Amino acid sequence: MMHFGAIIFVFILIHLYQFWLQMKMGTLEMVTVAGMDHPIADLYKPCYEVFGNIGFVLFYVISMAILAFHLAHGFSSAFQSLGINHKKYTPLIKFIGLIYSILIPIGFALIPIWMFLNR
Ligand code: HEM
């Protein structure tokens, strides 16, 4: 768990550098979008570049698998740590937590895969 947490932390640092920091530094082109009254940073471009590299695609997909594992375990651990234990509801909450922990990272992982395959 601790190692997975550390990997996720490294993932967030790299991820923020690739997109969020580029936007904040003003290095991205500004584009006008229909319906918006001011120009916005063109984040599609760095996504297109990063996810054209199979190494980064694998890095994102593996990070999402680790995130799923981390969340699935963390969810049930949180209940244990808080001492919440109900015969009927705890297994149900844990099941919903497990599904959520798996579905959300799958949704995230589909973005780099989709962008790599559709160019
Ligand atoms: C794998 C698919 C992902 C893609 C394609 C993606 C893409 C992006 C992009 C383009 C930005 C900059 C735009 C913005 O700040 O609104 C961003 C920001 C961010 N991302 Fe992601 N992201 C992904 C997954 C994740 C995951 C799994 C996490 C957390 C574990 C995460 C955490 C963040 C954070 C904290 C920001 C800064 C948000 C902010 O500006 O308020 N991202 N992401």
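The values are calculated or read from the model by the stated rules, or taken from the named source; none is laboratory data. Bear in mind that the values here come from a model prediction, so they are computed numbers and not experimental data. Here Cβ is always computed from backbone atoms with ideal geometry, including for glycine, and neighbour counts include all displayed protein chains. Just the protein is used for accessible areas: all its heavy atoms, side chains included, with ligands, DNA and RNA removed. Shrake-Rupley method; radii C 1.70, N 1.55, O 1.52, S 1.80 Å.
Overview of values
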read-out: Residue in region 23-33 that is among the hydroxyl-bearing types (Ser, Thr, Tyr) and in contact with a Pro (Cβ under 8 Å, 6 or more places away or on another chain) present; value: yes
read-out: Hey, Ser63 touching a Leu at 6+ places or on another chain (Cβ under 6 Å), closer than 27 Å to Gln18 by Cα and either open to solvent by less than 40 Å² (accessible area, probe 1.4 Å) or more than 10 Å from the ligand (Cβ to nearest atom) (or both) or not; value: no
read-out: Residue list for region 5-15, restricted to those being of a type in the set (A, V, I, L, M) and either on the phi > 0 side of the Ramachandran plot or more than 6 Å from the ligand (Cβ to nearest atom) (or both); value: Ala6, Ile7, Ile8, Val10, Leu13, Ile14
read-out: Where Phe108 falls short, out of the listed (1) open to solvent by 100 Å² or more (accessible area, probe 1.4 Å); (2) in contact with a helix residue (DSSP H, G or I) (Cβ under 7 Å, 6 or more places away or on another chain); (3) at pLDDT below 95; value: (3)
read-out: Some residue of region 94-103 being part of a helix (DSSP H, G or I), within 11 Å of the ligand (Cβ to nearest atom) and within 15 Å of the chain's Cα centre (by Cα); value: no
read-out: Test: residue in region 22-42 that is hydrophobic (A, V, I, L, M, F, W, C) and under 17 Å from the mean Cα position of the chain (by Cα); value: no
read-out: Lone unmet requirement of (1) within 16 Å of the ligand (Cβ to nearest atom); (2) in a loop (DSSP other than H, G, I, E, B); (3) open to solvent by 90 Å² or more (accessible area, probe 1.4 Å) for Gly52; value: (3)
read-out: Members of region 73-93 that are open to solvent by 80 Å² or more (accessible area, probe 1.4 Å) and within 23 Å of Gly5 (Cα to Cα); value: His73, Gln80, Ser81, Leu82
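One line per residue, one yes/no per condition, for (1) touching a residue at least 40 places away in the same chain (Cβ under 8 Å); (2) open to solvent by less than 40 Å² (accessible area, probe 1.4 Å); (3) in a loop (DSSP other than H, G, I, E, B); (4) within 14 Å of the ligand (Cβ to nearest atom):
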site	(1), (2), (3), (4)
Trp20	no, no, no, yes
Met23	no, no, no, yes
Leu28	no, yes, yes, yes
Gly35	no, no, yes, no
Cys47	yes, yes, no, yes
Phe59	yes, no, no, yes
His70	yes, no, no, yes
